[in-house]
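> Handing you a structure now.
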Amino acid sequence: MTEAPARRTPGTPCWVSLIVHGLSATQEFYGALFDWEFRPGPEQLGPYLRGLLHGEEVAGIGQLPPDRHLPIAWTTYLATDDADATAEAIRSCGGTVAVGPLDAGDAGRLAIASDPGGAVFGIWQGLRHIGTATTGTPGTPVWNELVTRETSMVAKFYQTVFGYETEAVVSADFDYQTLHLDNVAVAALHGVGHALPRDRGPHWMTYFEVADTDRAAARVVELGGRVLQPPREGSSGRLATVADPEGAVFTIVRSTGG
């Protein structure tokens, strides 16, 4: 297990959060799948829980108001030192800011935005709450990847707003760019063309570490979720794409170093 650094370089994925209709049922699902325990978090936007692993915060789950019918999806938050300035940069580069910036109590300041392709992400200016507190163990977020139609245009947006350097995979039939900060890969852009799910559009995908991908995929089904892409070998390890009972899609992976 690795403790996350106290301050995140702006642009680093620092937190993942899920807003659902059934908070208690979702809590039971992820508690059983990842061994998370829960405690209340800031409730400025409604009921909200932080998932903990061995006492360390790893992710958040909130509840939608009964009259709100939004897509249920994990949201990747990117670190910033100034949420207001980053929100303005998002707007000036062709993105949209849908929520905020606003304060989440003394935990920090946030906004929910979308890039020019429509993929939703968050920005987080941490104060008392810096973000995911531990990594490198089953049940923690291990990677974040934007799944979009093609990467070239949207890469310019993320480069300009967050200062990423990009490294493209040189391939005629594979559109993939890794995002780097201080020479460290922190996230990726994956262009899938017409294979992009019509019901989801461009979206950020959260990868969670597991000890055994096949076993975890079977457990997802036992708990009422679905397997969308069965376990398979990938460059980062053995992975599967799954959905929880409310339809939030995420990837589970046993890394090659795990």
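The values are calculated or read from the model by the stated rules, or taken from the named source; none is laboratory data. Note that the structure is a prediction, hence the values are computed from the model and not measured. FYI the Cβ positions are ideal-geometry reconstructions off the backbone, even for glycines, and counts take in every protein chain you see. Note: areas computed on protein heavy atoms with side chains; ligands, DNA, RNA excluded. Shrake-Rupley method; radii C 1.70, N 1.55, O 1.52, S 1.80 Å.
> Among (1) open to solvent by less than 10 Å² (accessible area, probe 1.4 Å); (2) in contact (Cβ under 8 Å) with a residue 40 or more places away in the chain, where does Thr135 come up short?
It is condition (1) that Thr135 fails.
> For segment 140-154, check the following and say yes or no: at least one residue is over 30 Å from Ser171 (Cα atoms), hydrophobic (A, V, I, L, M, F, W, C) and touching a residue at least 60 places away in the same chain (Cβ under 8 Å).
no
> Answer with yes or no whether Arg68 is among the basic types (Lys, Arg) and more than 27 Å from Gly247 (Cα to Cα).
The answer is no for Arg68.
> So, of the residues in segment 202-235 that are of a type in the set (Gly, Ala, Ser), in contact with a strand residue (DSSP E or B) (Cβ under 9 Å, 6 or more places away or on another chain) and surrounded by fewer than 17 Cβ atoms within 10 Å (Cβ to Cβ), which turns out to be nearest to Asp115 (Cα to Cα)?
Gly234
> Looking for something at negative phi, open to solvent by 70 Å² or more (accessible area, probe 1.4 Å), out of contact with any Cys (no Cβ under 9 Å at 6 or more places or on another chain) and part of a strand (DSSP E or B) - is there at least one such residue anywhere in segment 6-15?
For segment 6-15, residues at negative phi, open to solvent by 70 Å² or more (accessible area, probe 1.4 Å), out of contact with any Cys (no Cβ under 9 Å at 6 or more places or on another chain) and part of a strand (DSSP E or B): absent.
> Now, a different point. Can you tell me which residue is farthest from Asp214 (Cα to Cα) among those in segment 18-42 that are in a strand (DSSP E or B) and open to solvent by 20 Å² or more (accessible area, probe 1.4 Å)?
Among those residues, the one meeting the criterion is Pro40.
> A further question follows. Can you pull out every residue in segment 44-56 that is open to solvent by less than 80 Å² (accessible area, probe 1.4 Å), farther than 17 Å from Gly105 by Cα and not small (Gly, Ala, Ser)?
Within segment 44-56, Leu52, Leu53, Glu56 meet the criteria.
> Among all residue pairs at least 6 apart or on different chains, which show Cβ distances below 7 Å where the first residue, located in segment 219-241, is within 23 Å of His190 (Cα to Cα) and part of a loop (DSSP other than H, G, I, E, B) and the second is open to solvent by 50 Å² or more (accessible area, probe 1.4 Å) and of a type in the set (S, T, N, Q)?
Partner pairs satisfying both residue conditions: Ser236/Thr256.
> Can we say Glu165 is open to solvent by 70 Å² or more (accessible area, probe 1.4 Å), in contact with a His (Cβ under 9 Å, 6 or more places away or on another chain) and within 24 Å of Asp82 (Cα to Cα)?
Answer is yes for this residue.
> Continuing with the same structure: Any residue in segment 168-175 that is open to solvent by less than 60 Å² (accessible area, probe 1.4 Å) and modelled with pLDDT of 95 or more?
There is no residue in segment 168-175 that is open to solvent by less than 60 Å² (accessible area, probe 1.4 Å) and modelled with pLDDT of 95 or more.
> Within segment 138-155, how many residues turn out to be touching a Pro at 6+ places or on another chain (Cβ under 9 Å) and open to solvent by 50 Å² or more (accessible area, probe 1.4 Å)?
Qualifying residue count, segment 138-155: 3.
> Can you work out which of the residues in segment 62-89 that are modelled with pLDDT of 95 or more and either in a loop (DSSP other than H, G, I, E, B) or in contact with a helix residue (DSSP H, G or I) (Cβ under 6 Å, 6 or more places away or on another chain) (or both) is surrounded by the fewest Cβ atoms within 10 Å (Cβ to Cβ)?
Only one residue tops the list, namely Asp81.
> Here's another thing I want to ask about it. Are there any pairs, at least 6 apart or on different chains, whose C-beta atoms fall under 6 Å, with the first in segment 199-210 and modelled with pLDDT under 95 and the second part of a loop (DSSP other than H, G, I, E, B), and if so, which?
Listed pairs, sorted by first residue: Gly201/Gly118.
> With respect to Ala59, determine if the residue is open to solvent by less than 40 Å² (accessible area, probe 1.4 Å) and in contact (Cβ under 8 Å) with a residue 12 or more places away in the chain.
yes
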